[in-house]
Amino acid sequence: MILERLARHDPRLYQIGALASLLLYGMAFLGFDVSPARVALLIGSALAAQLACSRLYGLASVEVRSALISGLSLCLLLRTNSALLAAVAAIVTIASKFLLRWNGKHVFNPTNFGLVAMMLLTDRVWVSPGQWGSAAFFAFLIACAGILVVRRAARSDVTLAFLGFSALLVLARSLALGEPLAIPLHRLESGALLLFSFFMISDPKTTPDSRAGRIFFALLVAGGAAFVQFRLFRTNGLLWSLALLSLFVPVIDLVLPGRRYRWAAPADGALPFPKGVRHETVPSLSAARARIPAPRPTGSPVLRVLRGEGGHEAL
């Protein structure tokens, strides 16, 4: 009963549970190449970065849920032999939420940006898309957990559209080449594809605001991923495509405007700073709706410019 109430209150709780379950299953039964120490390092670095950025931006609380989602996602996807690079990846992932914003929204999915940025900066970081294999049970597990998450987050349309477009493109290519049906089906039986579809492209803070915009965005990302994989012959086409095409989300929102998604109560569940620590409240639409006058911005001009585009709710 308590968990149901919490889940209705904030869909991110479902996402944390689903990602943690996937990680534990992979470590216990699929031989994921990630140790408990690496898991602790990634999650700890993400939480520490969230705390530091929240203090730097004068936020009244630390959004632990958001940092946990990013940390767990990195545990599932990021692979490197360097503990330092793993910690840097977590810091870059969290920092992107605060620094790379437009009109109050994240420009990139944080985990997607962190992975792509690290792969561009060094060849010692990689993503292993085949680590889940094609076990039907595990694919079903991801699908069920993902559907639960996206329904709570009201972003099932972009997930289903992306899966549909991806399947059509893969099948069309195989038919054009005369490949047997088993080949495209094998490509689609990918835990990485389902994880990307249900937990990354469905991020409510980075997808277009309107349903038409989200479906169009799903088509663009699916086409970009197919181009990277089948024309450029590079791995991780999903990550590269999403990172590049996320830059066009503001344009899509301008052409196909819609209602901005907001978590049910972004402040609830965040950890407040200890008593006695001075902080400032970041202006937000939630405060405006409650008719609470937003305080005048303080701090350096640089920080005011960086955080002056609609607040940093649920970062």
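Read the figures in this text as sums done on the coordinates, not as results from a lab. Quantities reported herein were computed from a predicted structural model and do not represent experimental measurements. We place every Cβ from the backbone using ideal geometry, glycine too, and count neighbours over all the protein chains shown.
Sort 87-97, 164-174 by packing, meaning the average of other beta carbons within 10 Å per residue, with the highest value first.
The densest-packed peptide leads the list: 87-97, 164-174.
Computed about its Cα centre, the charge dipole of the range 2-127 is approximately 260 debye, with only Lys, Arg, Asp and Glu carrying charge at their Cβ. Here the peptides 34-43, 201-210, 13-22, 55-64 are ranked by packing, the mean other Cβ count within 10 Å, and the order with the highest first is 201-210, 13-22, 55-64, 34-43. A DSSP coil position with no more than 13 other Cβ atoms inside 10 Å describes the following chymotrypsin sites (Phe, Trp or Tyr not before Pro) in the range 222-259: F233.
Judged by the mean number of other Cβ atoms found within 10 Å, the most tightly packed of the peptides 71-83, 183-195 leads the ranking 71-83, 183-195. Relative contact order of the range 136-255: 30 percent, from C-alpha pairs under 8 Å at least 6 residues apart in sequence. The calculated FRET efficiency for L100 paired with D33, based on their beta-carbon distance and R0 = 45 Å, is about 0.95.
Shape class for the range 2-127, computed from the alpha carbon gyration tensor (a ≥ b ≥ c): oblate, with a/c not under 1.5 and a/b at or below b/c. The overall shape of the range 136-255 is oblate: from the C-alpha gyration tensor, with semi-axes ordered a ≥ b ≥ c, the ratio a/c is 1.5 or greater and a/b is no larger than b/c.
Mean sequence separation of contacting Cα pairs (under 8 Å, at least six apart), scaled by the length of the range 2-127, corresponds to a relative contact order of 24 percent.
Projecting the Cα atoms of F113, Q50, I91 onto the dipole axis of the range 2-127, where Lys and Arg carry +1 and Asp and Glu carry -1 at the beta carbon, places Q50 farthest toward the positive end.
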